[in-house]
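Visitor: Following this message is one structure expressed as structure tokens.
None of the figures in this text is laboratory data; all of them are computed from the coordinates on show. Predicted model only: the values in this text are computed from it and were never measured. Heads up, the Cβs are rebuilt from the backbone with ideal geometry, glycines too, and the neighbour counts pull from every protein chain shown.
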Amino acid sequence: MNPLVIIAGPTAVGKSALSILLAKRIDAEIISADSMQVYKGMDIGSAKITKEEMQGVPHHLIDILEPTGDFSVADFKDLAKKASFDICKRGKIPMLVGGTGFYIQSLLYDVDFDESNGKVSLCRETLEKEYDELGPDVMFERLKNVDPDYCEIIHKNDKKRVVRALEFYLDTKTPISKHNNLEMQKEPVYNTGFFVLTDDREKIYKRINERVDVMVKSGLVDEVKRLKDLGLTKENVSMHGLGYKEILMYLDNEISLDEAVYMIKRDSRHFAKRQLTWFKRERNVTWVSIDKFGYDKEKILDFMCEELRKKNIII
């Protein structure tokens, strides 16, 4: 069974920096499990790692798609599986890093998300039209009536997942959360060291607020304006990402910049909370509370390496 190291956790907890240090220690290559960093030219809002920050550690599934493209969890699983096998063939260890739980589970359990081979059914077309006409609140409430568990881990503004969950229920009369839970009862297809980083929640929220301020100062508005000038709108999946849809609303004169920044911070905090809820449901996870280590990265790395030795992932 091939090895797979996973570093997950809420946004702004410090996954990228720690993953670089661990990758250099254990001779790993990193596969990004971030639903936004796949898009080219979407750097500031996605907090995309820079070449300098990579410190020579190879990264996969970053900058692989134009922002006009669509990218599904099924696409991710196929590409991540190929990357992990290629990394192992070279005698390296694949390390999956990110906060998108759907993506991590799809690879770890070889999950069948029943994407219908990419075909768009008439049911989905109708639901998408209703979402646009009736709004996210109405459609999210409709989903909550049939699948309240799934509503705990997705946002009402995530049109793609709200519509897909409603479509799945209408097609199968089964909540998609039940389907996913059954899929997750499968055994992992890798010898896995699965670490979830966490910290005091208020400290995470503080870092989120600070990160958003840095994004704005670093040119987030200009980045979104450039994307808008390329013809991207709220209809594009890439523009549904946190930071992008709010700034797009500002550029469309729907809200002020202050309101956009407030919304990004608020929704990012809510997102971090949902990420923690998601990972708490995961099996066989090693939780790493970085505050318990006094924020000493070397101590955290020593602990993680010892766990990987116990699993015979490293010697």
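Visitor: Which value, in debye to the nearest 20, gives the size of the charge dipole of the chain about its Cα centre, when Lys and Arg are +1 and Asp and Glu are -1 at the Cβ?
Guide: Working: 50 positive and 53 negative charges, 197 e Å.
Roughly 940 debye for the chain.
Visitor: If you don't mind, another one. Please return the longest stretch of the chain lacking exposed loop sites, where GluC sites (Glu not before Pro) count only if DSSP places them in a loop and at most 12 other Cβ atoms lie within 10 Å. Don't skip to the answer; put the middle values down first.
Guide: Values: sites that count: E235, E254.
Excluding the exposed sites themselves, the longest stretch runs over 1-234.
Visitor: Helix 220-229 against the longest principal axis of the chain: what's the angle in degrees, Cα atoms only, rounded to the nearest 10?
Guide: On a 0 to 90 degree scale, this one is about 50.
Visitor: Once you have the Kirkwood Rh of the range 116-181 from its Cα pairs, apply Stokes-Einstein at 4 °C and 1.567 mPa s and quote D in µm²/s. Intermediate values should be presented prior to the final figure.
Guide: Working: Rh = 11.7 Å.
The estimated diffusion coefficient comes to 110 µm²/s.
Visitor: Would you list the P(r) distribution for the range 263-315, with all Cα-Cα distances sorted into 10 Å bins from 0 and each bin expressed as a whole %?
Guide: 20, 32, 36, 10, 1
Visitor: Same structure, new question: So how far, in whole Å, is the C-alpha centre of the range 200-261 from the one of the range 294-313?
Guide: 35 Å
Visitor: In addition: Hey, what angle do you get for helix 15-26 against the long axis of the chain, alpha-carbon based, 0 to 90 degrees rounded to 10?
Guide: 30 degrees
Visitor: Hey, can you grab everything whose amide H is under 5 Å from the amide H of V288? Only 5+ residues off in sequence or another chain; H modelled, so Pro and N-termini drop out.
Guide: Long-range HN contacts for V288: V196, L197, T198.
Visitor: Using 7 Å Cα-to-Cβ label points, what is the K173/E152 separation (nm, one decimal)?
Guide: 2.6 nm
Visitor: Within the range 226-307, count lysine pairs with alpha carbon atoms under 24 angstrom apart where the residues are 8 or more positions apart or belong to different chains.
Guide: The result is 13.
Visitor: Run the quick spin-label model on T50 and I255: label points 7 Å from Cα toward the beta carbon, then report their separation in nm to one decimal.
Guide: For T50 paired with I255, the spin-label model returns 2.8 nm.
Visitor: What is the angle, in °, between the Cα long axis of helix 201-217 and the longest principal axis of the Cα atoms in the chain? Nearest 10 is fine, range 0 to 90.
Guide: For 201-217 against the chain, the angle is about 70 degrees.
Visitor: Along the charge dipole of the range 116-181, Cβ charges K/R +1 and D/E -1, which of P148, G135, F168 sits furthest on the positive end?
Guide: Of P148, G135, F168, it is F168.
Visitor: Which of the trypsin sites (Lys or Arg not before Pro) across the range 155-237 are loop residues per DSSP, with 12 or fewer other Cβ within 10 Å? Provide the component values of the computation, followed by the final result.
Guide: Details: sites: K156, K159, K160, R161, R164, K173, K178, K186, R201, K203, K206, R207, R211, K217, K225, R226, K228, K234; in loops: K156, K173, K186, K234.
Within the range 155-237, the qualifying trypsin sites (Lys or Arg not before Pro) (loop, at most 12 other Cβ atoms within 10 Å) are K173.
Visitor: Need the C-alpha centroid separation for the range 164-191 versus the range 87-110, integer Å.
Guide: Their Cα centres are 20 Å away from one another.
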